[in-house]
Amino acid sequence: MKVIDLLNIWVKDRNKLPEKIKIDNKVFEYDEECNLYKTPDKDCYLIQNYLDCIERLDREVEVIEKNKEIEELEISEKDRKFHSDYINNIADKLNEVIRKINKEREET
């Protein structure tokens, strides 16, 4: 996506705008109150820095998506009886690791 594409979304349907984007190693977050992208420290506005100059409209925009929760393995009792204890223990350990990763992602 380019800055001009983001501008088109902004004009057509602001509900479809990504929450966070990255341009030239700067991260911007969409602020719904003022309908602008800002840096987290609110020092820099996307409109002022990138949309004021036509040459900048073709810059690449990286959409930063929220961390999605990793789903745990679901193993039915029937499957547990079919598999060996070794396989069941591996599945339990994987779920433990998945829970740990999801918890760490929530905290950041």
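If exposed trypsin sites (Lys or Arg not before Pro) are those in a DSSP loop with at most 12 other Cβ within 10 Å, what is the longest stretch of the chain that has none?
Values: sites that count: LYS42, LYS66, LYS68.
The longest uninterrupted stretch comes out as 1-41.
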For helix 3-12, what angle does its Cα long axis make with the longest principal axis of the chain, in degrees from 0 to 90 and rounded to 10?
90
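For ARG80, what charge total do you get from the other residues with a beta carbon under 15 Å from its beta carbon, if Lys and Arg give +1 and Asp and Glu give -1?
Working: positive: LYS78, LYS81, LYS93; negative: GLU72, GLU74, GLU77, ASP79, ASP85, ASP92.
Taking every Cβ under 15 Å from that of ARG80, the sum is -3.
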In straight Cα distance, which aspartates and glutamates are under 19 Å from LYS68, not counting same-chain residues fewer than 8 positions off?
GLU19, GLU29, GLU96, GLU104, GLU106, GLU107
Taking GluC sites (Glu not before Pro) as candidate sites, keep only those in a DSSP loop with at most 15 other Cβ atoms within 10 Å, then name the longest stretch of the chain containing none of them.
75-108
Sort the chain into rounded, prolate or oblate with this rule: let a ≥ b ≥ c be the square roots of the eigenvalues of the Cα gyration tensor; rounded if a/c is under 1.5, and if a/c is not under 1.5, prolate when a/b is larger than b/c, oblate otherwise.
prolate
Rounding to the nearest 10 and keeping the result within 0 to 90°, find how far the Cα-based axis of helix 85-107 lies from the longest principal axis of the chain.
30
Just want the answer: with Cβ charges of +1 for Lys and Arg and -1 for Asp and Glu, which residue in ILE70, ASN88, PRO18 is farthest toward the dipole's positive end in the chain?
ASN88
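Only the coordinates and a few stated rules stand behind these numbers; no lab work does. Quick caveat: nothing in here was measured; it's all calculated off a predicted structure. Positions of Cβ are generated from backbone atoms using ideal geometry, with glycine treated the same way; all protein chains shown enter the neighbour counts.
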